[in-house]
Amino acid sequence: MSVAMNNSLGKLYYSDEFLSDLAGLCAMECYGIVGMSSKRAVDGIIELVKGENLKKGVRITTDDKNVKIDLYVIVEYGVSISAVAKNVIDTVKYNVEKGTGLTVTDVNVIVDGIRI
């Protein structure tokens, strides 16, 4: 699926893959985030995802011009999880809205693990 936005020059389409990459990159910039996590459905093992595959740890749901983002993250040991989650939510919401002009209705942070 993709989100369409009209402007004076025509239509602009944002793919879910683009939104996933943008949200994943913004989340990785936050202090306390070690990486995104990806669950393999076959055996339920959590994988640490870095670099080019960040979108594996992001789930995007779009509705008209509204975007809902679920981030599956792995945090660093010893940090305040609530503070890291709030920072991630604020950063991702701000950057996606500023960069695309879409409205982010929800950013959910799911902590899948802790790394030392």
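Once both labels are positioned 7 Å from their Cα atoms along Cα-to-Cβ, the gap between Glu76 and Met5 label points is 3.2 nm.
Sorting check: for 23-33, 9-19, which peptide has the highest mean count of neighbouring beta carbons within 10 Å, and how do the rest follow?
Details: 23-33: 19.9, 9-19: 13.2.
Listed from highest to lowest mean packing, they are 23-33, 9-19.
With r defined as the distance between the Cβ atoms of Lys68 and Leu12 and R0 fixed at 22 Å, what FRET efficiency is calculated, to the nearest 0.05?
Working: r = 20 Å, r/R0 = 0.89.
For Lys68 and Leu12, the calculated efficiency is 0.65.
Of the chymotrypsin sites (Phe, Trp or Tyr not before Pro) found in the stretch 64-115, those in coil by DSSP whose Cβ has at most 16 other Cβ atoms within 10 Å are Tyr77.
How long are the three semi-axes of the equivalent ellipsoid of the chain, in whole Å, if each is the root of 5 times an eigenvalue of the C-alpha gyration tensor, listed from largest down?
Values: eigenvalues 142, 49, 22 Å².
Values for the chain, descending: 27, 16, 11 Å.
Just so you know, all these numbers are worked out from the coordinates, no wet-lab data involved. The shown structure was predicted, so the numbers you read here are calculated from the model rather than taken from an experiment. Cβ coordinates were reconstructed from backbone atoms using ideal geometry, including for glycine residues, and neighbour counts include every protein chain displayed.
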